[in-house]
Amino acid sequence: MLGIMRRDAILFVSYRTQVVAQFLGPLFTITVFYYVSRLLTARTFHSPGGYFGFVIVGLVIIQILTLSLGLMPGSVRQELISGTIERFLVSAHGPVNGILGTMLFPLCNALVAGVVTLVLANVIFGLPLAATSLLAIPVALLGVIAFMPFALFLVALVMAFKQIASASQFIVSGIAIVGGLYFPVTLLPGWIRWMSDVQPFTPATDLLRHLLVGAQLVHPAGVELLKLVGFSLVLLPAGLTLLAAAIRYGQRTGTIAEY
Amino acid sequence: MSSTPYPLPDAALGEPPAAAAGEPLLELERLYHRWKGPKPPVLDEVSLTLRAGEVTWIGGRNGVGKTTLLRLAAGILLPQRGSVRIGELTPRARGGRYQREIGFLSAGDRGLQARMRVRQQLDYWARLAYVPRAGRAALVAESMRQFELEEFSERRVDRMSMGQRQRIRLAMAFLHAPRVLLLDEPRNSLDDDGYRLLNAQIEQAAARGACVLWCSPRGEDRVISCDAGYTLRDGRLERIS
């Protein structure tokens, strides 16, 4: 898998403007939300950074979601078209390991981009970061493991049905709403709020906000952590099983060779 | 006789070394495959045994099922009926043990990472093929030498001609010294030098006990000498030599 991660790193840096854009893009986004946050004085945001601190953590998670959930199905589809998935199929590495390998670089890249966003918010806009910020690293990694099954589900759909790019964007937008990435889930109407409790994005977001910007937690940290571990333990095997089944379906029907 | 500069995967796994000449290696038994829709099966009870040290050619019209047969043999597709085996190994064997034995070249020019350099491309493939780290660099260098790619080693793949890309794809198929080589239209885009290199590598592979299956629509595209020739027609193999 590290070989695939190395490959993706080589390909990523071969597009130099993409590297620059990745670091400049967050700067513009942060700037917009900094000035929006100065308009808001609501008491809903119980953190030293107010809405700015609240939304910055949401933006970091959106970055991770976009680069994993949002882009993964598209890049796997691109690998199908270019015939590089076929190389996984004829290699000792195998297709499931191969696809897991293709997730590593985007996820690491997303984590680095998240750190850059936080540093820019801190250095340029004075966002106060909590003393517990370093503890956010293991929680972010756990969050990534909990997010990964959703990417696996989508990739499995790509392997079986080829074209689901719009669905992945739809899902990322949906998660941004029910996961409370831009605003607190308490603002949501009751009929949709239950969705905030049945996925790992809300506990991951709440924990990261608590550790990074000192936001108050609704539930104790241990409970949020247990939720995250629980979602990972249930969803990751399910995602891997579904992916393997989708690949076998494609191999049996012959659609794996189609694009 | 050529040998690989790193221990063969078989040896690493403590399995028997390459089969003696004439021993069955790849066994395709009563393969059946039908694509979706009201069409007859593209492969209908096809059986074929490839033996160590032998080169086999399969021809047939476009769309007759040669590529499907190779994909089934490579484990890219799974048989709807019938079986594919190398000894006791099937394509679903754990740890990619079946795939370690296979060198596969697909038709066309797909399967390359366009923005990687030639050396990076071969190194990447060697990693996917679980070539041990200790011998990887030497093996990549040897592979570039075999297909005369040294002068392009630091050139990006998307800046190379189709024939040069085909040499890289061939180098990937031969790199990990597989016991079964499955080549789909390997002469595509090759000039005379490329064709000479391909033939030399096929001869060396056969000499070390590998079996080679070469598929192409026309007889004149095939390797100069082969041990058996077949035509695929209406889902069935007919021996022609």
| request: Restrict the check to the stretch B:152-167 and report whether at least one residue is over 20 Å from A:ALA9 (Cα atoms), outside any loop (DSSP other than H, G, I, E, B), within 14 Å of chain A (Cβ to nearest Cβ) and modelled with pLDDT of 95 or more. | output: yes
| Output for the stretch B:176-200, where each listed residue is among the polar types (S, T, N, Q) and without any contact (Cβ under 8 Å) to a residue 60 or more places away in the chain | B:ASN199
| message | I'm trying to understand the selection: among the residues of the stretch B:95-124, which are closer than 18 Å to B:ARG179 by Cβ, of a type outside the set (Val, Ile, Thr) and facing chain A (nearest Cβ under 8 Å)? | response | B:GLY95, B:GLY96, B:ARG97, B:GLN99, B:ARG100, B:PHE104
| field | Every residue from the stretch A:231-259 that is without any contact (Cβ under 8 Å) to a residue 40 or more places away in the chain and away from chain B (no Cβ under 14 Å) | value | A:LEU233, A:VAL234, A:PRO237, A:THR241
| request: Answer with yes or no whether B:ARG127 is more than 8 Å from every other protein chain (Cβ to nearest Cβ), surrounded by fewer than 24 Cβ atoms within 10 Å (Cβ to Cβ) and not polar (S, T, N, Q). | output: no
| said: Quick test for you: out of A:GLY74, A:GLY94, A:GLY83, pick the one residue that is away from chain B (no Cβ under 14 Å), within 30 Å of A:ALA156 (Cβ to Cβ) and not hydroxyl-bearing (Ser, Thr, Tyr). | reply: A:GLY74
| For residues in the stretch B:45-91 being within 14 Å of chain A (Cβ to nearest Cβ), without any contact (Cβ under 8 Å) to a residue 40 or more places away in the chain and not basic (Lys, Arg), which is surrounded by the most Cβ atoms within 10 Å (Cβ to Cβ)? | B:ILE76
| request: Give the stretch B:120-169 a look and list any residue that's touching a Ser or Thr at 6+ places or on another chain (Cβ under 6 Å) and over 21 Å from B:ASN199 (Cα atoms), or say none. | output: B:LEU128, B:ALA129
| remark: With criteria (1) surrounded by fewer than 24 Cβ atoms within 10 Å (Cβ to Cβ); (2) within 19 Å of the chain's Cα centre (by Cα); (3) farther than 28 Å from A:TYR259 by Cα, B:GLU185 comes up short on (3)
| field | Selection count where residues are part of a loop (DSSP other than H, G, I, E, B) and of a type in the set (D, E, K, R), scope the stretch B:51-102 | value | 5
| task | With a cut-off of at least 2 residues that are exposed (fewer than 15 other Cβ atoms within 10 Å of the Cβ), name the helices (runs of 4 or more DSSP H) lying wholly within the stretch A:166-259. | result | A:190-193, A:221-253
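Out of all the residues in the stretch A:128-137, is one or more farther than 30 Å from B:PRO132 by Cβ, away from chain B (no Cβ under 14 Å) and crowded, with 20+ Cβ neighbours inside 10 Å?
yes
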| request: May I ask you to list the residues in the stretch A:150-163 that are touching a residue at least 12 places away in the same chain (Cβ under 8 Å) and either surrounded by fewer than 22 Cβ atoms within 10 Å (Cβ to Cβ) or within 16 Å of A:LEU208 (Cα to Cα) (or both)? | output: A:PHE153, A:LEU157, A:ALA160, A:LYS162, A:GLN163
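The values are calculated or read from the model by the stated rules, or taken from the named source; none is laboratory data. Note that the structure is a prediction, hence the values are computed from the model and not measured. Neighbour counts are summed over all protein chains in view; Cβ atoms, including those assigned to glycine, are modelled from backbone coordinates with ideal geometry.
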